[in-house]
Amino acid sequence: MKAVVWTKYGAPDGLELREVATPEPKDNEVLIKVHAATASTPDTELRRLKLPFLFSVSLRLYIGLRKPTRITILGTEFAGEIVATGQDVTRFRQGDPVLGYTALKMGTYAEYICLPENPAGLAGPIGLKPANLSYAEAAAVPFGGLEALHTLKKANIRPGQKVLIVGAGGSIGTVAVQLAKHWGAEVTGVDHTVKLDMLRSIGADHVIDYTRQDFTKSGQKYDVILDTIDKSPFTASLRALSESGTYLNANPGLLGKLQWRLMVQKSRKKVIRWSGDYTASNLLALKELVEAGTIKPVIDRQYPLEEIAAAHRYVETGQKKGNVVVVVGGE
Ligand SMILES: NC(=O)c1ccc[n+]([C@@H]2O[C@H](COP(=O)([O-])OP(=O)(O)OC[C@H]3O[C@@H](n4cnc5c(N)ncnc54)[C@H](OP(=O)(O)O)[C@@H]3O)[C@@H](O)[C@H]2O)c1
């Protein structure tokens, strides 16, 4: 099968298209023909091991000290078709259109991938593809969708509340804006100048250009603040929260956790840190929200698998609006 092999930690030119063996499904696994994947910000961070220190060291120890050896195919999101199932598989049948998030198992930059039918080990969930999306559109749903859904659900958003999303124009942010709107909130999206019109088009009531304005200095109070990229100044963000407001961070460094614990002890404000619980039930909830038209994946552009290095370079410019899709088997 055709696959992009991750030959080194570092620049995108280490991603090489090669012919490799097609995997065979174990008893609890399915074999999926990948029609589309994505090039996400986490994919580019994984490629370079540009991650929080402890996480980066443990990944290097697991994947390979000098270069990737245990995992050699990147890519964490996919949409495709079940072409074979192991004898113990019950959730899926041959021909089922599916989507999923492979998390640290990676491997979606290939024509085929084998995954456990239920999340196990490093692998994330698989679910049936929303009927109203193409494979290319569906591939852009899992990562941002799962992150936004399981993080925002913890804030228990109520109609009329003021919700602010930092990094609203990215994979996680674009779903978070639509979810908060769906739950009746008044939504403010914070991102780069070039993404503000897109944010209005997906329902943001207010937009803030972080290159021109610091939302913590506007005097406006918010009931919920979601920081998708750990870029908002913590103490100032807490000050921008209403008395019983909730602060959510989808990407905290070590220092943040210690500071938070000290800070929130004195107030009714809640601080909730990231937890990666990627579940099949949340993926099913996303499918239903997409089929109901509540969530639409925001896709900036598409690249063929052969141009994966160019896709990663574009993602690293930070200019992408929403998601970048990688067409593998097509349709
Ligand atoms: N499982 C995982 O790997 C995992 C899980 C959770 C979270 N994460 C982390 O989540 C982050 C990715 O989230 P994502 O995929 O949604 O990222 P993304 O698609 O790159 O979106 C991030 C957005 O934030 C914007 N931005 C940058 N600086 C900003 C600032 N100071 N204020 C407001 N907006 C700003 C970016 O715009 P510009 O770049 O144009 O400025 C971009 O639109 C990554 O850093 C990743 O490590 C990863």
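Farthest toward the dipole's positive end in the chain, which of Leu31, Val207, Tyr314, given Cβ charges of +1 (Lys, Arg) and -1 (Asp, Glu) about the Cα centre?
Among Leu31, Val207, Tyr314, the one farthest towards the positive end of the dipole of the chain is Val207.
Give me the percent relative contact order of the range 144-273, please, defined on Cα pairs under 8 angstrom at least 6 residues apart.
Averaging sequence separation for qualifying contacts and normalising by length gives 22 percent for the range 144-273.
Among the trypsin sites (Lys or Arg not before Pro) in the range 93-153, which ones are in a DSSP loop with at most 16 other Cβ atoms within 10 Å of the Cβ? Mind listing them?
Arg93
Could you please report the charge total around Val4, scoring K, R as +1 and D, E as -1 over all other residues with beta-carbon less than 12 angstrom from its beta-carbon?
Counting the neighbours of Val4, the net charge comes to -4.
Below 8 Å, C-alpha to C-alpha, sequence gap of six or more: please give me the relative contact order for the chain in percent.
Averaging sequence separation for qualifying contacts and normalising by length gives 20 percent for the chain.
Ordering His35, His206, His192 by accessible area with a probe of 1.4 Å, largest first, what comes out?
His206, His192, His35
Multiply the residue separation of Ile229 and Gln319 by 0.36 nm, subtract the distance between their alpha-carbon atoms, and state the gained length in nm to one decimal.
Extra length from Ile229 to Gln319 when fully extended: 30.9 nm.
Would you mind calculating the gained length between Lys270 and Ser58 on full extension (0.36 nm times residue separation, minus the Cα-Cα distance), in nm to one decimal?
Difference between extended and current length: 73.3 nm.
Would you mind telling me which residue in Leu286, Leu59, Leu15 has the biggest mean-square fluctuation in a Gaussian network model of the chain, where springs connect alpha carbons within a distance under 10 angstrom?
Leu59
Please work out the C-alpha center-to-center distance from the range 22-82 to the range 175-211 and express it in whole Å.
If you average the Cα positions of each part, the centres end up 30 Å apart.
Using +1 on the beta carbon of Lys and Arg, -1 on that of Asp and Glu, and nothing else charged, what's the dipole of the chain about the Cα centre, debye to 20?
My answer is approximately 1420 debye.
Counting only protein heavy atoms and using a 1.4 Å probe, what share of the accessible area of the chain belongs to carbon plus sulfur, as a whole percent?
Carbon plus sulfur share of accessible area: 52 percent.
If the reach is capped at under 16 angstrom between alpha carbons, list the aspartates and glutamates near Lys2, excluding any in the same chain fewer than eight residues apart.
Filter leaves Glu16, Glu19, Glu24, Glu111, Glu306, Glu307.
Computed over the Cα atoms, what is the radius of gyration of the range 20-117 divided by 2.2 N^0.38 Å, N being its residue count? All intermediate terms of the calculation are to be shown ahead of the outcome.
On the way: Rg = 14.4 Å, N = 98, 2.2 N^0.38 = 12.6 Å.
In units of the globular-protein estimate, the range 20-117 measures up at 1.14.
Run the helix sum for the chain: -39,500 (n - 2.57) per DSSP H stretch of 4+ residues, divided by residue count, reported at 222 nm to the nearest 500 deg cm²/dmol.
On the way: 10 runs with 91 residues, N = 331.
Counting only the DSSP helices, I get -8000 deg cm²/dmol.
The values are calculated or read from the model by the stated rules, or taken from the named source; none is laboratory data. The shown structure was predicted, so the numbers you read here are calculated from the model rather than taken from an experiment. No Cβ is skipped: glycine too gets one built from the backbone with ideal geometry, and neighbour counts run over all protein chains shown. To get the accessible areas, we keep the full protein, side chains included, count just its heavy atoms, and leave off ligands, DNA and RNA. Shrake-Rupley method; radii C 1.70, N 1.55, O 1.52, S 1.80 Å.
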